[in-house]
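Reading through the C-alpha cells given below for one structure.
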Amino acid sequence: MGLREFVIRRILQLVVTFWAFFTLLFVLFRLVPGDPTTMFLLDGMTAEQREQRIAELGLDQPLHIQYMEYLSQLLTGDFGQSFIYREPVIDIIIVRFMNTIVLMGTALFFAYLIGVTFGALMGWWRGSRFERGGIIVTLMARSSPEFWVGIVLLSVFVFWLGWFPSSGMRATGGELGGGFVARYGSIDFLRHLFLPALTGAIVFMATPTLLMRNTMLDVLNADFIEIKKAEGLPERTVLYRHAARNSVLPIVTVMAIATGAAMGGSVVIETVFNWPGMGREMVRAVNNNDYPVAMAAFFLMGSVVIIMNFLADLAYVYLDPRVEYE
Amino acid sequence: MAFRKKNRREFIRAAGATGLAIGVAGCSSNGDGNGNGASGAEELGEQVREINFVIPTSGANPFRNEIGVITAENWEEIGFEVDLEELEFGAHVDKAVVEQDFDASLLGWGGTPERIDPDIFIFDMHHSSTTGEGGRNTPGYSNPEYDELAELQVTQADPDERRETVFEAQEILARDQPRTYIANEGGMHPYASARVDNIDPTLGEGLNSFWNMISVTPLDDDTVTMGYPSEIISLNPMQDLATPDRQFVRLIYDQLYRIGPDGLPQPWAAVDEPVIEDDGRTYTVEIRDDMTFHDGEEVTIDDIEFTYNLYQDSPTYSSLVSVIDEIDTSGNEITFHLGEQYAPFTANVLGQVYLFPEHIWGDVEPEDLSDFQDENWIGSGPFQFEDWERQAELQLRAFDDHFNRPNTDRFIRIPGASVSQLLGDLESGQIDFMGAVPQPTALNRVEEDEDLANAEFNAIGYAKIAYNMRREPLDDRHVRRALSYCVPKTEYVEFIRDGMGTVTHSTISEHNEFWHNPDVEQFDLDLDAARQELEEGGYGWDGDELLHHGA
C-alpha cells in the first residue's frame with residue numbers, strides 16, 4: 001500500500017471516529033441532570049422565565065431533532081452560541097484555547113527537552129550514582145500531585161521570595177485585548193507564565209525521562225552499539241547519533257498523546273494559578289449545562305488527540321523505515 | 001482534619017442525644033401494651049416509608065453537607081429510615097426545584113437586597129400559585145388560610161397594617177413547617193486593611209454590596225481591585241442575570257430607587273419618595289434634573305418612560321412590570337397607574353428596573369433585547385464601563401458627573417478560580433478585597449495577617465430543608481414538625497460555621513428588623529420533642545425502634 005492510499009484510508013477512519021465521538025458527547029451531555037437555566041433558578045429566574053428560555057433554546061424539542069439540528073450546524077463549521085453567555089462559542093473557546101496552548105506548549109517543550117536528555121544520560125550511565133539519584137528525583141516528580149507542586153512553588157517564589165505574581169496571565173489594569181504579540185509577547189506575561197509552566201514541566205517530565213532511560217537500556221544492549229564503539233567512534237557520537245536516536249521512537253507516540261491531552265488544559269494547574277484556559281472552561285460549561293461550549297471544548301480537545309495520533313503514525317514511517325503502511 | 005470533623009460531629013449529636021434518652025425512657029413507661037418493646041400508638045400499622053433526603057456534596061457546600069449528614073442521623077434516631085443523596089449543585093437544583101422529585105432537600109435561598117421586601121419570602125416562596133415546575137414554592141405548600149394572608153399583604157399600602165399580616169403569615173409558616181428554616185448564613189469577606197479604607201459590608205451581601213463599591217477607598221493608588229470566584233456572564237441588564245452579574249450591572253445602570261444599607265428603598269434617580277395616591281394604585285415620581293448618561297447625553301423623563309416600556313416588551317422581564325397598567329409623564333414627573341394594589345412597588349419594581357438610554361436601545365427589537373451587545377455599556381450609574389475581557393478582568397472608571405461619585409477612580413474585578421486561590425491573591429497583594437467567604441481556618445489566617453482584616457456581615461437569605469408536601473408522610477404536619485426538631489441549628493452556626501451567621505425560625509430574617517416576627521414557634525434540636533410530636537400524630541415504634549403509622 002502506498003502512502004497516498006494509506007492517508008486516504010486513515011482520513012476515512014478519522015471521519016467515522018469523529019462522528020462516533022461527537023454522537024457520544026451529545027448523548028452524554030444530555031444525560032447529565034439539569035439544563036442551562038438551572039444556575040439561574042435560585043438567583044431570581046421565575047418558573048415562567050425558565051420555560052420561555054428552554055423553548056428559546058429549543059430544548060423542549062425531542063432529542064433526535066436537537067441532534068439533527070446540531071449535526072447540520074456543525075457540518076457548516078458552526079459551533080453555535082453559548083447557552084449561558086449568548087455569544088458565539090468559537091469566540092469563547094478560541095481565547096482560552098490559545099491560553100492553554102501557550103501554557104501547556106511551554107510546559108511540554110521543557111518537559112520533553114529535559115526529560116529526553118536526562119533519560120538518555122541515565123541510560124548511558126547505567127548503575128552510576130547519577131542514575132540512582134535521577135530515578136529518585138523523577139519518581140518524586142511523578143508521584144507529586146499537580147496542586148501540591150503548584151502550591152510549593154507559590155509558597156517559595158511568591159509568598160516567600162516575592163519574585164513572581166500569584167495568579168493570572170498579566171498585571172491588572174492595563175489595556176485589554178490585543179493581538180497575539182500583545183497578549184503573549186510581554187515580559188509581564190512571561191513572569192506570569194513561569195510558575196504554572198514550571199509546575200506543568202515538573203509533572204510532565206517523569207514520563208519521557210523514564211521511557212527514554214528504559215528504551216536506551218534496550219538499545220545499548222544491541223550489537224550495533226558494541227560495533228560502533230568498536231569502530232572507535234567518540235562516546236558522544238555513539239550516544240547521540242546512534243543510541244539516543246534509536247530510542248526516541250516510543251517517545252514520539254507518548255508525546256503525541258500527551259500533547260492531545262494537554263490541549264484540554266490542566267484543571268488543577270489552571271485553578272491553582274487562576275489561568276484562564278480550557279480546563280476550567282470545560283468544567284464551568286459542564287457544571288452550567290452550557291452544552292454548546294462543553295461540546296465544542298471536548299470536540300476540540302478530542303480532535304487534537306485524534307489528529308496527533310494520526311501524525312504520530314505518519315512520523316513513524318519517517319523515523320523508522322522498517323515500519324510499513326499496512 | 002477528618003479526625004477533627006468526626007469529633008465535632010459526635011459532639012453535635014451528643015447535644016441532641018440527651019433529649020433522646022429522656023424520650024426513650026418516656027416511651028417505655030407508657031408503651032409496653034403489646035409486650036414486644038413497641039411504643040407510641042396502641043396498634044401499629046405499616047412502617048413509615050423511607051425518606052429520600054437530598055443534600056449538597058461536601059465539595060458543593062461543606063457546611064450544609066455536614067449539617068445534612070447529622071440531621072439524617074438524627075432522623076434515623078427517631079425511627080425514620082433515610083436515603084441520603086448527595087448531589088452537585090446543578091443536579092440538586094434540577095431534582096428538587098425543577099423535577100420536584102425528592103422528599104426532603106437541603107438548599108439555600110439567597111438574600112440579596114432586592115429581596116428585602118418580604119413579598120418574595122412570603123408570597124413567591126409559599127403561595128400555592130408558585131408550586132409548579134421550577135417555581136419557588138418547592139415544598140408544594142398549599143394552605144388557603146395562608147394564601148389569603150400572602151395575597152392581602154401585597155395590597156396593603158400602610159406599612160404597619162402590612163406588617164401585621166406579614167407577622168401572622170410567619171406564625172402560620174412556623175406552625176406548619178413546610179420547610180425547616182435553619183440559619184441566616186452571614187459570613188466574613190476578607191480585605192486588605194493596609195490598602196483600602198471605608199469598607200462598608202452591607203446586609204446580605206457583605207463587600208459585594210453596591211454601597212461598599214462606591215464607598216471603598218484605595219490608600220496608595222487610585223484603583224481598587226476585587227476578586228470573586230466566578231466570571232461575569234453578561235452586563236446586559238435585559239439578559240437572565242445571576243447575582244454576580246447584577247452586582248456590576250447596577251454600578252453602571254441607575255435605578256429610580258436603590259435599596260439602602262438599611263434594606264429600605266431610598267430615592268436615587270428620584271428626587272423624593274414616590275407620591276402614592278388612589279389607594280395605592282398610582283405612584284408619581286419626580287426625577288433628578290442633574291443626571292447624564294456616560295456618553296454625555298442628558299437623562300430625561302423620556303428615557304425613564306422608554307425604560308419602563310422596554311421592560312414591558314422584554315420577553316425576559318415583562319413580568320417584573322406587569323403590574324403597571326399605564327404610564328404618563330408631565331414635566332419631570334412620571335406617573336405609574338397600577339392594575340391592582342401592589343405594596344412592594346417601590347422596592348420590587350422602581351428599585352429594580354435599570355434606566356436605559358433611549359438613543360442607544362431605542363431601535364432594538366424586543367426579541368433581540370437579551371442578545372444586544374452595547375459595546376460601551378452606556379448607563380448613568382456611578383461607574384462607567386471601561387473595558388472587559390470576561391476571563392481576565394472587568395475595568396470600571398468613576399463617572400465624574402454622577403451625583404454620588406464613587407471614592408475610587410478605578411475599579412477592577414477579576415474572576416478567581418476558587419475562594420482559596422483568591423485568598424492567595426489577597427495575601428500577595430494582587431487584589432484588595434474578595435466577595436466570597438473562605439473556610440474558617442483561612443479566616444484565622446487573615447486575622448493573623450496585620451495587612452488584612454475580615455469584614456463581617458449578616459444575611460437575610462437562609463439554609464433550609466424543604467419537605468415535599470405532595471407526598472406522604474410529609475403531607476402530615478406532625479411529621480414535618482418532628483423532622484424540624486432534629487435539625488441542630490445552633491450547633492450549625494456555632495460549630496460547623498464557626499460562629500458565622502444566626503439561627504432562624506422564620507422565613508424572614510431577624511436582620512430584616514421591620515418585617516421579622518420574633519415570636520414565632522421555635523424548633524431547636526430536641527429529639528424528645530420530635531418523638532412526642534410523632535406520638536401526637538398517632539405514630540408508634542416497633543421493637544426495633546422503627547416508626548410506624550397508627551393502625
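The values are calculated or read from the model by the stated rules, or taken from the named source; none is laboratory data. Predicted model, so just to flag it, every value in this text is computed and none were measured. In this analysis, Cβ positions are derived from the backbone assuming ideal geometry, glycine residues included, and neighbour counts consider all displayed protein chains.
Residue pairs whose Cβ atoms lie under 8 Å apart, separated by 6 or more positions or on different chains, with the first residue in the stretch A:20-46 and closer than 24 Å to A:Phe299 by Cβ and the second part of a helix (DSSP H, G or I) and basic (Lys, Arg), are A:Pro33/B:Lys95; A:Pro36/A:Arg53; A:Thr37/A:Arg50; A:Thr37/A:Arg53.
Yes/no matrix, rows are residues, columns are (1) without any contact (Cβ under 8 Å) to a residue 24 or more places away in the chain; (2) more than 21 Å from the chain's Cα centre (by Cα); (3) assigned to a loop (DSSP other than H, G, I, E, B):
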{"residue": "B:Pro139", "(1), (2), (3)": "no, no, yes"}
{"residue": "B:Ser142", "(1), (2), (3)": "no, yes, yes"}
{"residue": "B:Asp160", "(1), (2), (3)": "yes, yes, no"}
{"residue": "B:Arg163", "(1), (2), (3)": "no, no, no"}
{"residue": "B:Ala183", "(1), (2), (3)": "no, no, no"}
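Evaluated against (1) more than 12 Å from chain A (Cβ to nearest Cβ); (2) outside any loop (DSSP other than H, G, I, E, B); (3) surrounded by fewer than 21 Cβ atoms within 10 Å (Cβ to Cβ); (4) not polar (S, T, N, Q), B:Leu251 falls short on exactly one condition, (3). Entry remark, the stretch B:194-239: residues being assigned to a helix (DSSP H, G or I), buried (at least 24 other Cβ atoms within 10 Å of the Cβ) and either free of Cβ contacts under 8 Å to residues at least 12 places away in the same chain or more than 22 Å from the chain's Cα centre (by Cα) (or both) number 0 in total.
Being under 16 Å from B:Phe345 (Cβ atoms) and in a helix (DSSP H, G or I), is that true of even one residue in the stretch B:279-289? Yes, that holds for at least one residue.
Looking at the stretch A:140-192, which of its residues are among the aromatic types (Phe, Trp, Tyr), more than 10 Å from chain B (Cβ to nearest Cβ) and touching a Phe, Trp or Tyr at 6+ places or on another chain (Cβ under 7 Å)? Passing the criteria: A:Phe157, A:Trp163. In the set A:Leu14, A:Leu28, only one residue is more than 14 Å from every other protein chain (Cβ to nearest Cβ), exposed (fewer than 14 other Cβ atoms within 10 Å of the Cβ) and part of a helix (DSSP H, G or I); that residue is A:Leu28. For A:Asn289, the criteria (1) within 11 Å of another protein chain (Cβ to nearest Cβ); (2) in a helix (DSSP H, G or I) hold in every case but one, which is (2).
Candidates are the residues of the stretch B:429-450 that are assigned to a loop (DSSP other than H, G, I, E, B) and touching a Ser or Thr at 6+ places or on another chain (Cβ under 7 Å); the one that is nearest to B:Arg480 (Cα to Cα) is B:Pro438. Residues that are of a type in the set (D, E, K, R) and within 14 Å of chain A (Cβ to nearest Cβ) were ranked within the stretch B:125-178; the one that is surrounded by the most Cβ atoms within 10 Å (Cβ to Cβ) is B:Arg136.
Is the stretch A:152-171 home to any residue that is of a type in the set (Gly, Ala, Ser) and closer than 30 Å to A:Asn246 by Cα? No, that holds for no residue. Residues of the stretch A:200-215 that are buried (at least 24 other Cβ atoms within 10 Å of the Cβ) and either of a type in the set (A, V, I, L, M) or farther than 18 Å from A:Val116 by Cα (or both): A:Met205, A:Met212. Taking the stretch A:34-86 as the range and being in a loop (DSSP other than H, G, I, E, B), more than 28 Å from the chain's Cα centre (by Cα) and either over 22 Å from B:Thr243 (Cα atoms) or aliphatic (A, V, I, L, M) (or both) as the test, the residues that pass are A:Leu42, A:Met45, A:Leu57, A:Gly58, A:Leu59, A:Asp60, A:Gln61, A:Pro62. Can you find even one residue in the stretch B:325-348 that is polar (S, T, N, Q), within 14 Å of chain A (Cβ to nearest Cβ), in contact with a helix residue (DSSP H, G or I) (Cβ under 9 Å, 6 or more places away or on another chain) and buried (at least 20 other Cβ atoms within 10 Å of the Cβ)? Looking through the stretch B:325-348, at least one residue is polar (S, T, N, Q), within 14 Å of chain A (Cβ to nearest Cβ), in contact with a helix residue (DSSP H, G or I) (Cβ under 9 Å, 6 or more places away or on another chain) and buried (at least 20 other Cβ atoms within 10 Å of the Cβ).
What about A:Ala107, is it more than 8 Å from every other protein chain (Cβ to nearest Cβ), crowded, with 19+ Cβ neighbours inside 10 Å and in a helix (DSSP H, G or I)? For A:Ala107, the condition - more than 8 Å from every other protein chain (Cβ to nearest Cβ), crowded, with 19+ Cβ neighbours inside 10 Å and in a helix (DSSP H, G or I) - is met.
Can we say A:Gln52 is at the interface with chain B (Cβ under 8 Å from one of its Cβ atoms) and modelled with pLDDT of 80 or more? Spelling it out, A:Gln52 is indeed at the interface with chain B (Cβ under 8 Å from one of its Cβ atoms) and modelled with pLDDT of 80 or more.
Please indicate, with yes or no, whether at least one residue in the stretch B:477-491 is under 18 Å from B:Asn458 (Cα atoms) and in contact (Cβ under 8 Å) with a residue 60 or more places away in the chain. Yes, the stretch B:477-491 contains a residue that is under 18 Å from B:Asn458 (Cα atoms) and in contact (Cβ under 8 Å) with a residue 60 or more places away in the chain.
The single condition from (1) within 20 Å of A:Ile251 (Cα to Cα); (2) touching a residue at least 24 places away in the same chain (Cβ under 8 Å) that A:Phe79 fails is (1). With respect to the conditions (1) of a type in the set (Ser, Thr, Tyr); (2) within 22 Å of B:Met500 (Cβ to Cβ); (3) surrounded by 23 or more Cβ atoms within 10 Å (Cβ to Cβ), B:Thr408 falls short on a single one, namely (2). Please find, within the stretch B:102-124, the residue that is nearest to B:Pro56 (Cα to Cα) out of those that are away from chain A (no Cβ under 11 Å) and not in a loop (DSSP other than H, G, I, E, B). Result: B:Leu106. Residues in the stretch B:381-415 that are within 14 Å of another protein chain (Cβ to nearest Cβ) and aromatic (Phe, Trp, Tyr): B:Phe385, B:Trp388, B:Phe411. For A:Pro165, the conditions (1) modelled with pLDDT of 90 or more; (2) buried (at least 21 other Cβ atoms within 10 Å of the Cβ); (3) in a helix (DSSP H, G or I) all hold with the exception of (3).
Given the condition free of Cβ contacts under 8 Å to residues at least 24 places away in the same chain, charged (D, E, K, R) and either touching a Pro at 6+ places or on another chain (Cβ under 6 Å) or more than 25 Å from A:Ala258 (Cα to Cα) (or both), answer yes or no: does some residue in the stretch A:155-170 qualify? Yes: one or more hits. Among the residues of the stretch A:228-260, those identified as surrounded by 13 or more Cβ atoms within 10 Å (Cβ to Cβ), part of a helix (DSSP H, G or I) and of a type in the set (A, V, I, L, M) are A:Val238, A:Leu239, A:Ala243, A:Ala244, A:Leu249, A:Ile251, A:Val252, A:Val254, A:Met255, A:Ala256, A:Ile257, A:Ala258. Can you tell me which residue is modelled with the lowest pLDDT among those in the stretch A:261-270 that are part of a loop (DSSP other than H, G, I, E, B) and within 14 Å of another protein chain (Cβ to nearest Cβ)? In this case the residue turns out to be A:Gly265. When the residues of the stretch B:279-326 are filtered to those that are among the charged types (D, E, K, R) and free of Cβ contacts under 8 Å to residues at least 12 places away in the same chain, the one that is farthest from A:Gln52 (Cα to Cα) is B:Glu298.
Whenever a residue of the stretch A:271-285 is at the interface with another protein chain (Cβ under 7 Å from one of its Cβ atoms), its partners that are in a helix (DSSP H, G or I) and polar (S, T, N, Q), lying with C-beta atoms within less than 8 angstrom and at least six residues away or across chains, give the pairs A:Thr271/B:Gln421; A:Val272/A:Thr199; A:Val272/B:Gln421; A:Asn274/B:Gln421; A:Pro276/A:Asn99; A:Arg280/A:Thr271.
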